[in-house]
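Reading through the structure tokens given below for one structure.
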Amino acid sequence: MAKYLNLNFKKKNAFTLLEMVISIGIFIFVATASSVVFNQALNAYRYTTSRMAAAREAELAMDWIIRDIRDSTGPLIAPSDVTQITINTKTVGNVNYQLLLNGSLMRTEGGATSLLARGVDFLIFTYLDAGNVDVPLPENNANVRLVEVVIVTHNDDQEFRLYNLAVLGP
């Protein structure tokens, strides 16, 4: 009966407790390092995406403003505040652009107001005559031939500026 009973305890077929603890420690170290790298990449992606969205909104707003200025039929109506303008266009009538205190750039057409861009710091209109000389509005409105538009947006610590010059419609 003794010959069928194998009492050889020196044979090693499994990991020791020390080997398991070391393996788990290495796994935890690699997993932690991987999660740190992943989180940094994810934060960079979110930052870049939000910056691109803000820039895209500002570009779209600039396109709307320039298109409406070029489509204008009459004098521009601008209060003393340079962050607002009303444009009388051939296609839709009066269109108003206004920068609100919360950084929202709004467009109002036919009583309907829509948000064009968020995070806008400045919306500046400069009015120029045919000789590129500043024209104060609304006094000398008929002399305006060019409108310089500047939109400045922000995203965290970065600033994005858009400049464009529009020739008034005939």
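The values are calculated or read from the model by the stated rules, or taken from the named source; none is laboratory data. Because the structure is a prediction, the values reported are computed rather than measured. Please note: Cβ atoms are built from the backbone with ideal geometry, for glycine as well, and neighbour counts cover all protein chains shown.
Residue-wise test of (1) farther than 23 Å from ARG145 by Cα; (2) in contact (Cβ under 8 Å) with a residue 24 or more places away in the chain.
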{"position": "TYR97", "(1), (2)": "no, yes"}
{"position": "ASN102", "(1), (2)": "yes, no"}
{"position": "ARG107", "(1), (2)": "no, yes"}
{"position": "GLY111", "(1), (2)": "yes, no"}
{"position": "LEU115", "(1), (2)": "yes, no"}
{"position": "VAL120", "(1), (2)": "yes, yes"}
{"position": "LEU123", "(1), (2)": "no, yes"}
{"position": "THR126", "(1), (2)": "no, yes"}
{"position": "GLY131", "(1), (2)": "no, no"}
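Of the strands (runs of 3 or more DSSP E) contained entirely in the stretch 38-150, those carrying at least 2 residues that are farther than 19 Å from ASN164 by Cα and either at pLDDT below 90 or touching a helix residue (DSSP H, G or I) at 6+ places or on another chain (Cβ under 7 Å) (or both) fall at 93-99.
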